[in-house]
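Peer 1: Sending over a structure as structure tokens; questions will come in a sec.
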Amino acid sequence: MKSRVLILAAVAAALSACSLAPKYETPAVQEVTTYKEAGEWMPAAAADTAPRGEWWKAFGDPKLDELQQQLHDGSQDLRAAIARFEQARAFSLGARSNLFPAIGGGASAGRTRTSANAPGSGGVVSTGNDFIASLDFAWEIDLFGRLRNTAAAARDRAEASGADLAAVELALRAELASDYFSLRGADATLRLLEDTVKAYDRAFDLTQNRYNGGIAAATDVDQAETQRQNARGQLASVRLQRAQFEHAIAVLLGQPPSLFALAPAELAGDPPPFNTGLPSALLLRRPDVASAERAVAAANAEIGVARAAWFPVFTLGGSGGYESVATSNWFEAPSRFWSAGPAVSLPLLDVGARYAGTKQARAAYDEAVANYRKSALVAYQEVEDNLAALRHLADEAAADEAAAASAQRSAYHADRRYASGVADYLEVTSTQTAALQAQRSALEARVRRLNAAVGLVRALGGGWTREDLDNPAL
């Protein structure tokens, strides 16, 4: 009997190579050989400037480096993503364990009294003990790949979760860098507005004195007052923006906003050059694209699971141990028992349930393929958007800087003309307002360029590669 069981197990193991899942191939996406927006304007960059690892250090801001380290240690969003990945990995391990035999043990002791009126009792009441100690064995013989495809799908889902974790971390780091540069832009704007308010206060005092001396008109005083109060309003608005950016950074770092503060500092200069590489490499460097591709692989394996439902399920089970009515001879040879043998089950009528399951699995695969291709298209779009932003913002920043310098010269000359009695105060206020707006526009263009560089790094995947799925860094 034992030899027959071993032969059956060997045959089952030989047949278990069968799988009903389609052979998986990564879905094709439209080939792109170059970026449309990466024209001749792109600065030359050595290979080591490509975004790899701690990409934020390329901006050369020690405070940003410090905040990025705090984010890794304190971000609650990152901790939640890590926990989701651990759940997916544990589920994958659980699905893989079903491929192997399960062995369990148990023991029981009981005393039973049977009814004298029970069938077969012969009208006699009997009382006795029953002591059992046993080992149980169960193994589903995976002839048609149901369990293996289930494990493969769970593994692919875990890898997708690992890619999702990388995507969350990349998004958080990019958001932190963007908020940080916006905050530093607010610092620069605050310094500009504070100096402007002081200058406008001096202009108001001068105009008031000129009015008191009968040199200036009352409308000049009113215009000077309006101008300085408008500047104060802008100052309050920018202070609010800075506070909100500071609060947002605190939450990203997992800290209460009331306990977090960033001292004012200078805004970084021009963004560093990043080598975009070939578009084809983007599919290996974008964690969201890798996650979508792993979802396709999982859906492909689940087709095999659905197909296997049409075939019988073979199991091999056994049980053995000791049973006795007395503890004195519980574990002696005559108390031994065992049983072993195969079993098979197959639903004969399910009114279309298996057919529906197969169609659902195929439709889920088609959906996953479409999502994967869409994620690749979005990845290309985001790179193109940020390349275009860097190119056009460079032109905008240069124009704004030139406009700001010209507006400041115009304001200086208007002020001199007013002091000489050649121009009225309306010319002074209009040129000074234009100069302030031009300076603010130049600062905003610098911030947007830095944020576009951050956006480009994020669009390129931040140096993350799909090979990291084999050993995700937590």
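Peer 1: Got a sec? Which of 191, 113 is closer than 30 Å to residue 243 by Cβ, out of contact with any helix residue (DSSP H, G or I) (no Cβ under 9 Å at 6 or more places or on another chain) and surrounded by fewer than 16 Cβ atoms within 10 Å (Cβ to Cβ)?
Peer 2: Only one candidate qualifies: 191.
Peer 1: With respect to residue 467, is the statement that it is assigned to a helix (DSSP H, G or I) and modelled with pLDDT under 90 true?
Peer 2: yes
Peer 1: Would you confirm whether any residue within region 374-384 is outside any helix (DSSP H, G or I) and within 30 Å of residue 22 (Cα to Cα)?
Peer 2: no
Peer 1: Which residues, taken from region 321-373, are touching a residue at least 12 places away in the same chain (Cβ under 8 Å), charged (D, E, K, R) and under 23 Å from residue 289 (Cα atoms)?
Peer 2: 362, 367, 373
Peer 1: In this structure, is residue 197 within 30 Å of residue 412 (Cβ to Cβ), modelled with pLDDT of 90 or more and either in contact with a Gly (Cβ under 7 Å, 6 or more places away or on another chain) or not charged (D, E, K, R) (or both)?
Peer 2: For residue 197, the condition - within 30 Å of residue 412 (Cβ to Cβ), modelled with pLDDT of 90 or more and either in contact with a Gly (Cβ under 7 Å, 6 or more places away or on another chain) or not charged (D, E, K, R) (or both) - is met.
Peer 1: Starting from residues that are surrounded by 11 or more Cβ atoms within 10 Å (Cβ to Cβ) and not acidic (Asp, Glu), keep the ones in region 340-352 and report whichever is nearest to residue 110 (Cα to Cα).
Peer 2: Ranking the qualifying residues of region 340-352, first place goes to 340.
Peer 1: Oh, and also: With the checklist (1) out of contact with any Ser or Thr (no Cβ under 6 Å at 6 or more places or on another chain); (2) closer than 20 Å to residue 193 by Cβ in hand, flag the one item residue 431 doesn't pass.
Peer 2: Among (1) out of contact with any Ser or Thr (no Cβ under 6 Å at 6 or more places or on another chain); (2) closer than 20 Å to residue 193 by Cβ, the lone unmet condition for residue 431 is (1).
Peer 1: Another one. What is the number of the single condition among (1) part of a helix (DSSP H, G or I); (2) closer than 30 Å to residue 53 by Cα that residue 432 does not meet?
Peer 2: Condition not satisfied by residue 432: (2).
Peer 1: State which residue is farthest from residue 456 (Cα to Cα) when the search covers only region 275-288 and only residues that are assigned to a loop (DSSP other than H, G, I, E, B) and touching a helix residue (DSSP H, G or I) at 6+ places or on another chain (Cβ under 6 Å). If you could, list the steps in order and put the result at the bottom.
Peer 2: Residues of region 275-288 that are assigned to a loop (DSSP other than H, G, I, E, B), as a first pass: 275-278, 286.
Going one step further and asking which of them are touching a helix residue (DSSP H, G or I) at 6+ places or on another chain (Cβ under 6 Å), we end up with 275, 286.
Numbers: 275: 10, 286: 12 Å.
The extreme case among them is 286.
Peer 1: Taking only region 207-257 into account, find how many residues are among the small types (Gly, Ala, Ser), modelled with pLDDT under 95, surrounded by fewer than 18 Cβ atoms within 10 Å (Cβ to Cβ) and not in a loop (DSSP other than H, G, I, E, B).
Peer 2: So the count comes out to 1.
Peer 1: Would you confirm, using the coordinates I've provided, whether residue 393 is within 23 Å of the chain's Cα centre (by Cα), closer than 30 Å to residue 272 by Cα and of a type in the set (A, V, I, L, M)?
Peer 2: no
The values are calculated or read from the model by the stated rules, or taken from the named source; none is laboratory data. Just so we're clear, the structure is a prediction, and the values are computed from it rather than from any experiment. Positions of Cβ are backbone-derived with ideal geometry, glycine not excepted, and every protein chain shown enters the neighbour counts.
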